[in-house]
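In what follows, a single structure is set out as structure tokens and then discussed.
The values are calculated or read from the model by the stated rules, or taken from the named source; none is laboratory data. If you're wondering where the values come from, they're calculated on a predicted model, not measured in any experiment. So basically every Cβ, Gly included, is an ideal-geometry build from the backbone, and we count neighbours across all protein chains shown. We work out accessible area using only protein heavy atoms, side chains counted, and drop any ligands, DNA or RNA first. Shrake-Rupley method; radii C 1.70, N 1.55, O 1.52, S 1.80 Å.
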Amino acid sequence: MYLIHVQLAAPADALIPDGIGAEALRLALPEERVEHVCLHPKGPRGPVLGVYLLAESLAEAEERAAVLCERLLAHHPGLAGWSPRRAEAAFLAPLGHGLLGPPGRPTGGPAGRAE
């Protein structure tokens, strides 16, 4: 399973409508193998759709997430003027670093010991 972030560009001062994640999931085709879609409305560079899907490769997952987003933008009247910026795998911290902790702290127990 892949998590692909699709970053969206909004027209000036536009707010993303409620329910966009559910609408994207409704528009997904069975062969796209989309499992879940969530919206992060206030990403640092604008709204981001998180698309969880099954695919044979990262490139295939990114392409299918982009196609789904294009379909969503074409079908939803509240997204007129919006466009996708990019569709790419979500960045994860390097192995050995905590996802939520400070840089350089290894994952593991309370003292940072791997268990």
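Of note:
- Around Met1: net Lys/Arg minus Asp/Glu count, Cβ-Cβ under 10 Å: 0
- Model label points for Met1 and Arg71, set 7 angstrom from Cα along the Cα-to-Cβ axis, are 2.0 nm apart.
- Protein heavy-atom surface of the stretch 1-85, 1.4 angstrom probe: 55% of the accessible area is carbon and sulfur, with nucleic acids and ligands not counted.
- Heavy-atom accessible surface of the stretch 1-59, averaged per residue, reaches 59 Å², computed with a 1.4 Å probe.
- Gain in span if fully extended, Glu35 to Asp18, counting 0.36 nm per residue against the direct Cα distance: 4.2 nm
- Mean Cβ count within 10 Å, highest first, over the residues of peptides 67-76, 12-21: 67-76, 12-21
- Ala59/Ala10 FRET efficiency (R0 25 Å; Cβ-Cβ; nearest 0.05): 0.40
- Distance between modelled label sites at Ser83 and Lys42, nm, 7 Å Cα→Cβ extension: 2.7 nm
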